[in-house]
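Enquirer: This is the structure, below, for whatever I ask next.
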Amino acid sequence: MTAAFEAALSEFARLIEEGLAARLDDIPRPGETTRPARLLAAMRHAALAGGKRLRPFLLAEVARLLNPGLTAEDLMPAATAIECLHCYSLVHDDLPAMDDDALRRGRPTVHVAYDEATAILAGDGLLTLAFDLLSDPVCHPDPAIRAALVLDLARAGGLGGMVGGQMLDLAAEGRFGDGAAPNENDIRRLQAMKTGALIRAATVMGARLGGASEGEVSRFGRFGEIIGLAFQLADDLLDVTATESEMGKAVAKDAAHGKGTLVAFLGIDAVRAELDKLVAEATELLAPWGTRSEMLAAAAHFVAERRR
Ligand code: GRG
């Protein structure tokens with residue numbers, strides 16, 4: 001299954017790349033005036049040529065599990081929207097004022113390849129494009145579903161989600177000189193917001209696109225939470241065990257920044273044991289779909305066992 005999963009993920013990544021490239025051309029859309037060349041190039045640098053495209057893959061797999069009649073093309077607007085939001089977060093996270101990273105996906109970060117002002121605007125442009133894609137009628141014929149998708153992504157990406165989690169993360173590094181060092185629960189909460197919320201949004205949005213009942217939306221919400229937590233635990237493990245060339249970005253940064261991680265609190269073995277439990281719980285949630293859910297179960301394994 002691992003090989004089939006890796007093949008499906010790379011094939012889907014290719015489609016996402018095509019979908020993003022098509023939206024990031026230099027042709028102004030109705031309501032736009034012109035697309036400035038330097039900004040467009042920076043947005044293309046941020047969004048194209050790299051990335052696992054895991055969030056859009058999860059979105060599409062959940063949608064197709066619930067409605068096998070959906071094609072990749074049907075799901076492309078929502079799938080590219082969530083990837084745009086993710087790419088924006090990476091551009092802003094790499095900025096000198098945030099993590100100050102020079103390498104991302106094996107290439108110079110956007111502010112290094114261009115400049116800081118262009119990188120801020122490229123992130124803003126990708127964030128805005130995400131909501132453009134979701135609100136366009138091409139995304140889904142039912143305006144109520146489109147509005148629900150917009151709300152899912154806004155709540156996951158904003159103040160009480162990813163952006164809020166990033167703020168808590170900066171505070172936990174002692175940036176603002178206030179408050180006590182974070183405890184294990186503080187770290188769990190900030191990680192669920194910073195990283196988990198967007199992964200949860202991917203599975204919830206996929207469920208909505210697949211025509212889920214409310215019960216199924218919350219089941220896939222839980223599935224996404226588990227994958228999100230596993231993703232972050234694996235990320236913390238990789239920070240202490242992987243090399244820069246495997247990751248295409250700097251590693252061993254958490255300890256260097258004095259960052260409390262669950263690996264630092266619990267140790268490598270306890271984190272590995274928690275990952276095993278999370279994969280088991282994720283697999284159990286897929287039981288009603290039997291062998292048809294093998295690809296999503298493989299995704300849970302991939303996230304927990306990943307080396308990149
Ligand atoms: C700056 C608003 C703002 C938010 C930043 C997501 C995030 C919040 C920061 C990224 C920092 C980071 C390395 C978090 C750990 C988990 C993570 C999101 C890793 C990168 O995601 P992958 O592995 O990357 O899915 P690819 O390149 O495969 O898309």
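Enquirer: Is it the case that Leu159 is more than 16 Å from the ligand (Cβ to nearest atom) and either open to solvent by less than 50 Å² (accessible area, probe 1.4 Å) or at pLDDT 95 or above (or both)?
Expert: On the way: more than 16 Å from the ligand (Cβ to nearest atom): no; either open to solvent by less than 50 Å² (accessible area, probe 1.4 Å) or at pLDDT 95 or above (or both): yes.
So Leu159 fails the test.
Enquirer: Follow-up question, since we're still on this one. Show the residue pairs meeting these rules: Cβ distance below 8 Å; 6+ apart or different chains; first residue within the stretch 117-131 and farther than 13 Å from Arg35 by Cα; second residue at pLDDT below 95.
Expert: none
Enquirer: Starting from the stretch 72-95, keep only residues that are crowded, with 22+ Cβ neighbours inside 10 Å, then list their pairs with residues that are hydroxyl-bearing (Ser, Thr, Tyr) whose Cβ atoms are within a distance under 6 Å, requiring at least 6 positions of separation or different chains.
Expert: Asp94/Thr109
Enquirer: If we scan the stretch 99-110, do we find a residue that is closer than 25 Å to Ala37 by Cα, in a helix (DSSP H, G or I) and not β-branched (Val, Ile, Thr)?
Expert: So far as the stretch 99-110 goes, no, none of its residues is closer than 25 Å to Ala37 by Cα, in a helix (DSSP H, G or I) and not β-branched (Val, Ile, Thr).
Enquirer: While we're here: May I ask you to list the residues in the stretch 1-23 that are within 19 Å of Tyr88 (Cβ to Cβ) and in contact (Cβ under 8 Å) with a residue 40 or more places away in the chain? If you could, list the steps in order and put the result at the bottom.
Expert: So the first thing to find is which residues in the stretch 1-23 are within 19 Å of Tyr88 (Cβ to Cβ), and the list is 13, 16-17, 19-23.
Of everything in the stretch 1-23, those that are within 19 Å of Tyr88 (Cβ to Cβ) and in contact (Cβ under 8 Å) with a residue 40 or more places away in the chain turn out to be Ala13, Ile16, Gly19, Leu20, Arg23.
Enquirer: If a residue has to be surrounded by fewer than 22 Cβ atoms within 10 Å (Cβ to Cβ) and in contact with a helix residue (DSSP H, G or I) (Cβ under 7 Å, 6 or more places away or on another chain) to count, how many in the stretch 213-230 make the cut?
Expert: Within the stretch 213-230, the subset surrounded by fewer than 22 Cβ atoms within 10 Å (Cβ to Cβ) is 213-219, 221-222, 225.
Restricting the remaining residues to those that are in contact with a helix residue (DSSP H, G or I) (Cβ under 7 Å, 6 or more places away or on another chain) gives 216-217, 219, 221-222, 225.
Selection size over the stretch 213-230: 6.
Enquirer: Scanning for something within 12 Å of the ligand (Cβ to nearest atom) and among the hydrophobic types (A, V, I, L, M, F, W, C), does the stretch 128-144 turn up at least one residue? Steps first, answer last, please.
Expert: Start the filter on the stretch 128-144 by keeping residues that are within 12 Å of the ligand (Cβ to nearest atom), which leaves none.
No, because not a single residue in the stretch 128-144 is within 12 Å of the ligand (Cβ to nearest atom) and among the hydrophobic types (A, V, I, L, M, F, W, C).
Enquirer: Now for a separate question. In the stretch 201-209, is there at least one residue being at pLDDT 95 or above, in contact with a His (Cβ under 9 Å, 6 or more places away or on another chain), closer than 27 Å to Glu83 by Cβ and open to solvent by 30 Å² or more (accessible area, probe 1.4 Å)?
Expert: Yes, the stretch 201-209 contains at least one residue that is at pLDDT 95 or above, in contact with a His (Cβ under 9 Å, 6 or more places away or on another chain), closer than 27 Å to Glu83 by Cβ and open to solvent by 30 Å² or more (accessible area, probe 1.4 Å).
Enquirer: What pairs come up if the first residue lies in the stretch 160-186 and is assigned to a helix (DSSP H, G or I), the second is open to solvent by 60 Å² or more (accessible area, probe 1.4 Å) and among the aromatic types (Phe, Trp, Tyr), and their beta carbons are under 6 Å apart, counting only those six or more places apart or on different chains?
Expert: Once the first residue is assigned to a helix (DSSP H, G or I) and sits in the stretch 160-186, its partners that are open to solvent by 60 Å² or more (accessible area, probe 1.4 Å) and among the aromatic types (Phe, Trp, Tyr) give Glu184/Phe265.
Enquirer: Considering only the stretch 56-72, I want to know if a residue exists there that is of a type in the set (S, T, N, Q), modelled with pLDDT of 95 or more and part of a helix (DSSP H, G or I).
Expert: Quick first cut of the stretch 56-72, residues of a type in the set (S, T, N, Q) only: 67, 71.
Pick out the ones that are also modelled with pLDDT of 95 or more and you get 67, 71.
Retained after the next criterion (residues that are part of a helix (DSSP H, G or I)): none.
There is no residue in the stretch 56-72 that is of a type in the set (S, T, N, Q), modelled with pLDDT of 95 or more and part of a helix (DSSP H, G or I).
Enquirer: Taking the criterion of being surrounded by 21 or more Cβ atoms within 10 Å (Cβ to Cβ), away from the ligand (no atom under 12 Å from the Cβ), over 18 Å from Met193 (Cα atoms) and not charged (D, E, K, R), would at least one residue in the stretch 47-58 satisfy it? Outline the logic, then answer.
Expert: Initial filter on the stretch 47-58 (surrounded by 21 or more Cβ atoms within 10 Å (Cβ to Cβ)): 47, 51, 53-58.
From the residues that got through so far, the ones that are away from the ligand (no atom under 12 Å from the Cβ) too are none.
No: zero hits.
Enquirer: Sticking with this one: Looking at (1) hydroxyl-bearing (Ser, Thr, Tyr); (2) away from the ligand (no atom under 16 Å from the Cβ); (3) over 19 Å from Ile145 (Cβ atoms), which one does Thr71 not meet, given that it meets all the others?
Expert: (3)
Enquirer: Right, something else. Test Leu198 against the stated conditions and say whether it is surrounded by 20 or more Cβ atoms within 10 Å (Cβ to Cβ), in contact with a Gly (Cβ under 6 Å, 6 or more places away or on another chain), part of a helix (DSSP H, G or I) and modelled with pLDDT of 95 or more.
Expert: Numbers: surrounded by 20 or more Cβ atoms within 10 Å (Cβ to Cβ): yes; in contact with a Gly (Cβ under 6 Å, 6 or more places away or on another chain): no; part of a helix (DSSP H, G or I): yes; modelled with pLDDT of 95 or more: yes.
The answer is no for Leu198.
Enquirer: Looking at (1) open to solvent by less than 60 Å² (accessible area, probe 1.4 Å); (2) at pLDDT 95 or above, find the lone condition where Arg292 falls short.
Expert: (1)
Enquirer: I would also like to ask the following. Considering only the stretch 129-146, state which residues are in contact with a helix residue (DSSP H, G or I) (Cβ under 8 Å, 6 or more places away or on another chain) and small (Gly, Ala, Ser).
Expert: Selection gives Ala130, Ser135.
Enquirer: Ok, one more. Can you find even one residue in the stretch 22-45 that is open to solvent by 10 Å² or more (accessible area, probe 1.4 Å), under 15 Å from the mean Cα position of the chain (by Cα) and on the phi > 0 side of the Ramachandran plot?
Expert: Narrowing the stretch 22-45 to residues open to solvent by 10 Å² or more (accessible area, probe 1.4 Å): 22-23, 25-41, 43-45.
Retained after the next criterion (residues that are under 15 Å from the mean Cα position of the chain (by Cα)): none.
Looking through the stretch 22-45, none of the residues is open to solvent by 10 Å² or more (accessible area, probe 1.4 Å), under 15 Å from the mean Cα position of the chain (by Cα) and on the phi > 0 side of the Ramachandran plot.
The values are calculated or read from the model by the stated rules, or taken from the named source; none is laboratory data. Here the structure is a predicted model, which means the values were calculated and not measured. Note that each Cβ is placed from the backbone with ideal geometry, even for glycine, and that neighbours are counted across all protein chains shown. These accessible areas exclude ligands, DNA and RNA; they are computed on the full protein's heavy atoms, side chains included. Shrake-Rupley method; radii C 1.70, N 1.55, O 1.52, S 1.80 Å.
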